[in-house]
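Asks: My structure is below; once you've seen it, I'll send some questions.
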Amino acid sequence: IVLLQAPGSLSLSPGERATLSCRASQSVPNNYLAWYQQKPGQAPRLLIYGASRRATGIPDRFSASGSETVFTLTVSSLEPEDFAVYYCQQYGTSPITFGQGTRLETK
Amino acid sequence: QAQLLQSGPEVKKPGASVKVSCKTSGYTFRGMTWVRQSPGQGLEWMGWISAYNGNTIYAQKFQGRVTMTTDTSTKTAFMELRTLRSDDTAVYYCARSEEDWYFDLWGRGTLVTVSS
């Protein structure tokens, strides 16, 4: 399954709302879709699994939704530490695949 | 506190092999996934190994060039990549999946540089 993330980059200001998209080339079985945040020089950090379930310790300003081929990650009000690269990943079928990422930049 | 401690950076010549280790602590070691990230690029799943029975699943791209192993006595996972090429230059991560195949714990990554 090929995952296409949009936009490739997004410039926003702290306090604004961010909406990131992840589209799958075919339906993701069981909506097994995860989202990760990665900052420079760091490993990815799990934000969301099962399309909409927040991982342990993730603030509730992060939310996600979607099913089958269209998934969305929303950050309701951006904090300075949220500016990073975000990846979606499907784990419904082998091989596991990741999207190419969306870079969230400070405006 | 669960942790994954990876081995240090490596510099290899084309055609050589590299073996990266990932030592687990703070949880029950059941298996390990390896993911790599080329410079400035996205994430690429390489495969998985069970710590229980050594069963492996490798991405087709790496079949024949990668071997994943574990040492349950030291709770360590290993990933060996052979016949290295310049485009194997990447940060190699180990990552844990507990329930399904999403990754809730990651090592800090091991930079492997392939250069003549």
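Only the coordinates and a few stated rules stand behind these numbers; no lab work does. It should be emphasised that the depicted structure is a prediction, and the values quoted were computed from it without experimental measurement. Note that we place each Cβ from the backbone using ideal geometry, even for glycine, and neighbour counts take in every protein chain shown.
Asks: Starting from region B:39-60, take each residue that is more than 20 Å from A:Gln89 (Cα to Cα) and list its partners that are surrounded by fewer than 16 Cβ atoms within 10 Å (Cβ to Cβ) and among the basic types (Lys, Arg), counting only C-beta distances under 6 angstrom and pairs at least six apart or across chains.
Replies: Close Cβ pairs satisfying both conditions: B:Ala51/B:Arg30.
Asks: When you go through A:Phe83, A:Phe71, A:Phe98, A:Phe62 one by one, which is the residue that is more than 14 Å from every other protein chain (Cβ to nearest Cβ), among the aromatic types (Phe, Trp, Tyr) and under 12 Å from the mean Cα position of the chain (by Cα)?
Replies: Numbers: A:Phe83 fails: under 12 Å from the mean Cα position of the chain (by Cα); A:Phe71 fails: more than 14 Å from every other protein chain (Cβ to nearest Cβ); A:Phe98 fails: more than 14 Å from every other protein chain (Cβ to nearest Cβ).
None of the others qualify; the one that does is A:Phe62.
Asks: May I ask you to verify whether B:Leu81 is touching a Ser or Thr at 6+ places or on another chain (Cβ under 8 Å) and either among the aliphatic types (A, V, I, L, M) or within 25 Å of A:Trp35 (Cβ to Cβ) (or both)?
Replies: On the way: touching a Ser or Thr at 6+ places or on another chain (Cβ under 8 Å): yes; either among the aliphatic types (A, V, I, L, M) or within 25 Å of A:Trp35 (Cβ to Cβ) (or both): yes.
Against the criterion (touching a Ser or Thr at 6+ places or on another chain (Cβ under 8 Å) and either among the aliphatic types (A, V, I, L, M) or within 25 Å of A:Trp35 (Cβ to Cβ) (or both)), B:Leu81 qualifies.
Asks: Further, regarding this structure: Take the conditions among the β-branched types (Val, Ile, Thr) and either exposed (fewer than 15 other Cβ atoms within 10 Å of the Cβ) or under 18 Å from A:Ala6 (Cα atoms) (or both) and apply them to A:Thr97. Does it pass? Walk me through it before giving the result.
Replies: On the way: among the β-branched types (Val, Ile, Thr): yes; either exposed (fewer than 15 other Cβ atoms within 10 Å of the Cβ) or under 18 Å from A:Ala6 (Cα atoms) (or both): yes.
The answer is yes for A:Thr97.
Asks: Another one. So which strands (runs of 3 or more DSSP E) are wholly in region B:1-114 and hold at least 1 residues that are more than 14 Å from chain A (Cβ to nearest Cβ), surrounded by fewer than 19 Cβ atoms within 10 Å (Cβ to Cβ) and over 11 Å from the mean Cα position of the chain (by Cα)?
Replies: Values: elements: B:3-6, B:10-12, B:18-25, B:31-37, B:43-50, B:56-58, B:66-71, B:76-81, B:90-96, B:110-114.
Answer list for region B:1-114: B:10-12, B:18-25, B:43-50, B:66-71, B:110-114.
Asks: How about region A:74-107: which of its residues are part of a strand (DSSP E or B) and either without any contact (Cβ under 8 Å) to a residue 24 or more places away in the chain or not β-branched (Val, Ile, Thr) (or both)?
Replies: So the first thing to find is which residues in region A:74-107 are part of a strand (DSSP E or B), and the list is A:74-75, A:85-90, A:97-98, A:102-106.
Those that are part of a strand (DSSP E or B) and either without any contact (Cβ under 8 Å) to a residue 24 or more places away in the chain or not β-branched (Val, Ile, Thr) (or both): A:Tyr86, A:Tyr87, A:Cys88, A:Gln89, A:Gln90, A:Phe98, A:Arg103, A:Leu104, A:Glu105.
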